[in-house]
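Novice: The following block contains the structure, expressed as structure tokens.
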Amino acid sequence: MKAAVMHGARDIRTETVPDPILDPHGVIIKVKACGVCGSDLHVYKRDGQDGTIFGHEFSGDIVEVGSQVTGIAPGTRVTAVGFKPCGTCFWCAQGKGHRCSNMALLGYQFPGAMAEYVHIPSAALGRNVFPLPDELSYEDAASVEPLSISYFSVNRALPKENDMVAVIGLGVIGLYAVQVLKAMGVAKIIASGRRPSRLEAAKICGADIIIDAAKDDAVKAAMEATSKMGVNTVVECAGMQATFDQSIAMARGGGKIMLVGIYEEPLTWDPLPAIAKNLSLIGCLGGNFPASIELLKSGKVSAKPLITHRFSLDQAALAFKTQLQDPEAIKVMITENEPWHKT
Ligand SMILES: [Zn+2]
Ligand SMILES: [Zn+2]
């Protein structure tokens, strides 16, 4: 089959690789759409990941089902999550593979969905393989994974309707966080980012106040928007020193900081303001596929304003280059037989 294979830093080539081998507990999916993720870019920029086939935000049709798998039929349209417990750690030894401390992830430690076919090990309906309602296109379904992260992170903050919430960092996760907050009926959503195309998208996603952090002081603007009170919750999706500092500064007393963005560098910080304001710093790593599928199905959340570019699998190298370098790119999709065009 064809797959996009990494050969070193910023070097992706579409080439022929062996077809996936069906495990008795696995399924094989013919891939229809697969998003390029920010997490993929972290790896793509570094050297030393030869042979990696990325792709964990995807959808497609079930084509083969292992002999031990029940309830999943060929032909079903699905999205899926892939992980493989190590089998030897403390948790695995107790039969609790879902808590494995050396979990291998689809699209990193084993081949992902930037290929014609992808194998999902230990397939179980409703646990890691999710059938798609008719309302969801394959591209919608390939957006469930990033949306599920935003949903999980926002939901962990338990925002109330009268809350003022700031979302910092308007990549896909931040923009879905804005949409989820809007769907929850949160009173005031402040969105802070730097790229014009993403500020525009934040408006479409439902943000009430847009801060152009490239031009304006984000903390000052957030304080002005909240009558100097600060926000109840910050959803920090950028993962940088500056945005972390802004989060601490714009949170009101008793506020929550949801740490969602992945930090490429360690932080230097003075914890005193967090102590003095009784802030809660909450790490967020998780997803909720069923809730995200429901949100897309209901139309309360839409993937459309976020998908800016489409490429074929043969154009995978260009897809990565675009996601990394094009200031207009929000979510780049690799889709089957779709020529390049901008939505
Ligand atoms: Zn992702
Ligand atoms: Zn383990």
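Novice: When DSSP beta bridges are limited to those with both residues in the chain, what percentage is antiparallel, rounded to the nearest 5?
Specialist: Counting DSSP beta bridges with both partners in the chain, the antiparallel share is about 55 percent.
Novice: Another question, if that's okay. Roughly speaking, what is the stretch gain from LEU272 to GLU328, that is 0.36 nm per residue apart minus the C-alpha to C-alpha distance, in nm to one decimal?
Specialist: The LEU272-GLU328 span can extend by a further 16.3 nm.
Novice: One quarter of the convex hull surface, Cα atoms only: what value does that give for segment 92-222 in nm²?
Specialist: Result: a mean projected hull area of 11.1 nm².
Novice: What is the set of long-range amide H partners of ASP11 at a cut-off below 5 Å, with H atoms built 1.01 Å from backbone N?
Specialist: Close amide H contacts, sequence-distant or interchain: none at all.
Novice: Please compute the length gained on full extension between ASN155 and LEU105, using 0.36 nm multiplied by the number of residues separating them and subtracting their Cα-Cα distance.
Specialist: Values: separation 50, 0.36 × 50 = 18.00 nm, distance 2.39 nm.
Contour length minus Cα-Cα distance gives 15.6 nm.
Novice: Can you tell me the 0 to 90 degree angle between the C-alpha axis of helix 241-250 and the longest principal axis of the chain, rounded to 10?
Specialist: In the chain, helix 241-250 runs at an angle near 50 degrees to the longest axis.
Novice: Any chance you could list the semi-axes, whole Å, largest first, of the equivalent ellipsoid that the Cα gyration tensor gives for the chain, using √(5λ)?
Specialist: For the chain, the ellipsoid semi-axes come out as 35, 22, 20 Å.
Novice: Compute the helix-to-body angle for 144-156: its Cα long axis versus the longest principal axis of the chain, expressed 0 to 90° and rounded to tens.
Specialist: 40 degrees
Novice: If each DSSP helix of 4+ residues adds -39,500 (n - 2.57) and the sum is divided by the residues in the chain, what number results at 222 nm, nearest 500 deg cm²/dmol? Could you put the intermediate results ahead of the total?
Specialist: Details: 11 runs with 94 residues, N = 343.
Counting only the DSSP helices, I get -7500 deg cm²/dmol.
Novice: On a 0 to 90 degree scale, rounded to 10, what angle separates helix 316-325 from the longest Cα axis of the chain?
Specialist: Helix 316-325 and the main axis of the chain meet at about 10 degrees.
Novice: Using the C-alpha atoms of segment 147-283, what convex hull volume per residue, in cubic angstrom, is computed?
Specialist: 94 Å³
Novice: Would you list MET114, MET184, MET229 from fewest to most Cβ contacts within 10 Å?
Specialist: MET229, MET184, MET114
Readers should treat all values here as calculations from the given coordinates under stated rules, not as data from a laboratory. Everything numeric here is computed off the predicted structure, so don't read it as measured data. Here Cβ is always computed from backbone atoms with ideal geometry, including for glycine, and neighbour counts include all displayed protein chains.
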